[in-house]
Structures are given as C-alpha cells and as structure tokens.
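Once you've had a glance at the structure underneath, I'll fire off some questions.
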C-alpha cells in the first residue's frame, strides 16, 4: 500500500512538472489563479474531514495546519489575480466638464488681450508724435 501511494505521488509530481514547464509565461499567472481556486475545494475537503471527527490528535493538528495553509494560498492567489487584472484596466479619463473649463480659461495661442493691444497702440502713437517734432 505504501509503495503504491508513493508511486502515485511521484508520477503526479512528474506529470505536474511536465505540464507547468510547457506553459508560456503570459499564461502562468492566470493558470495559477485557477489552480488556487481549485485549491479552495481541497480546503473545503479538509474542513469536512476535520468536522466528521478524527480520533488522533496528530491528525487533527495536521488537518488544522493544512486548512490554514490552504486558506492562505487561496486568499493570496485571489489577491495576485486581482493585482494582475488591475494592470489591464485603462486609466480614468478626465471628466468633460473639467476639461472644457480648463480649455475655456486658457487663452488661445494666437490671440492678444485687448489691454495689451491698447498699451501697444498708445505707446507707439506717443513715440511717433514725439519723433515727428
């Protein structure tokens, strides 16, 4: 029995390694988030086994540790997935009212303010009157 279980463990590890090694880097994070979601089922199984009653104290302790680590893995996986999806969201655009107010307040590059035109005209006129005498 022990030899059979050990052989299954080794074959499962070998199969998992070959499967994950062929996954491109761009798909690694979504694949791991899906795996973490499936790991939630493992956590649920651990809770069920713990609730059905295990007689041995060591078994109970191992189940509690397994459920705790599994929960950490699931929560961490969802946090990583949320962070990954946050990178693909577009930046918020400025609101239209703020953008039009900013454009209306700024002077256009080709326009001259009326006060500046009057100052130039009066200064040029005074200079030309004084030069003609």
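Taken together, the values in this text are just the output of simple stated rules run on the coordinates, not laboratory data. As the structure is a computational prediction, the values presented were derived from the model and not from experiment. A quick note on method: Cβ atoms are made from the backbone with ideal geometry, for glycine too, and the neighbour counts reach across all protein chains shown.
Determine whether segment 66-77 contains at least one residue that is on the phi < 0 side of the Ramachandran plot, surrounded by 10 or more Cβ atoms within 10 Å (Cβ to Cβ), over 27 Å from the mean Cα position of the chain (by Cα) and not in a loop (DSSP other than H, G, I, E, B).
Yes - at least one qualifying residue is present in segment 66-77.
Report, by residue number, each residue of segment 23-65 that is under 27 Å from residue 85 (Cα atoms) and either exposed (fewer than 11 other Cβ atoms within 10 Å of the Cβ) or without any contact (Cβ under 8 Å) to a residue 24 or more places away in the chain (or both).
Correct list: 23, 24, 25, 26, 27, 28, 31, 34, 38, 41, 44.
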